[in-house]
Amino acid sequence: QVQLVESGGGLVQAGGSLRLSCAASGRPFSRYAMGWFRQAPGKEREFVAVIAQNTAITFYADSVKGRFTISGDTAKNTVYLQMNSLKPEDTAVFFCAASQLWGMPTKIGQYSTWGQGTQVTVSS
């Protein structure tokens, strides 16, 4: 079983950038589809991005396409979410998650392992 720990959240001004990290342990993250989700106050958790098992193939929510980039470093067993051109509406707790499904899972129920989350706050 893989364990996940997120880091890298913080407070940033609109237009700024942050890079979130998701450190995996117990098993290589490349054996899983790795996703990022976020949950804003009072809202449901939503899909942000995914990188497929054993590939560099990625997929993004329309709301972040062109601004966010998901990537993985197998040597560090870590998945990243580079976030550029941040907007106040990006403010949320960001979670990474692991799915044993092939392809590009985008639904919460398709993921079996979750990290504890990291807060991202974007000020206007």
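The values are calculated or read from the model by the stated rules, or taken from the named source; none is laboratory data. Keep in mind that this is a model prediction, so the values were computed, not measured. When we count neighbours, we look across all protein chains shown, and the Cβ atoms used for this are built from the backbone with ideal geometry, even at glycine. The protein model used for the area step is the full one, side chains on, heavy atoms only, and it has no ligands, DNA or RNA in it. Shrake-Rupley method; radii C 1.70, N 1.55, O 1.52, S 1.80 Å.
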Would segment 17-30 turn up any residue that is in contact (Cβ under 8 Å) with a residue 12 or more places away in the chain, in a strand (DSSP E or B), surrounded by fewer than 17 Cβ atoms within 10 Å (Cβ to Cβ) and of a type in the set (Lys, Arg)? yes
Looking only at segment 71-78, decide whether some residue is open to solvent by 30 Å² or more (accessible area, probe 1.4 Å) and closer than 15 Å to Thr106 by Cβ. no
Inside segment 92-118, can you point out the residues that are closer than 14 Å to Arg31 by Cα and either open to solvent by 10 Å² or more (accessible area, probe 1.4 Å) or at pLDDT below 95 (or both)? Gln100, Leu101, Trp102, Gly103, Met104, Tyr111, Ser112, Thr113
Cβ-Cβ under 6 Å pairs, at least 6 apart or on other chains, segment 38-51 side under 15 Å from Asp62 (Cα atoms), far side surrounded by 14 or more Cβ atoms within 10 Å (Cβ to Cβ) and among the small types (Gly, Ala, Ser): Arg38/Ala92; Phe47/Ala61; Val48/Ala61; Val50/Ala33; Val50/Gly35
Index of the failed condition, Glu89 passing every other in (1) loosely packed, with under 14 Cβ neighbours inside 10 Å; (2) in contact with a helix residue (DSSP H, G or I) (Cβ under 7 Å, 6 or more places away or on another chain): (2)
Select, from Gln82, Gln39, the only residue that is closer than 21 Å to Gln110 by Cα, open to solvent by 50 Å² or more (accessible area, probe 1.4 Å) and at pLDDT 95 or above. Gln39
A careful count of residues in segment 48-62 that are open to solvent by 90 Å² or more (accessible area, probe 1.4 Å) and closer than 11 Å to Ala33 by Cβ gives 3
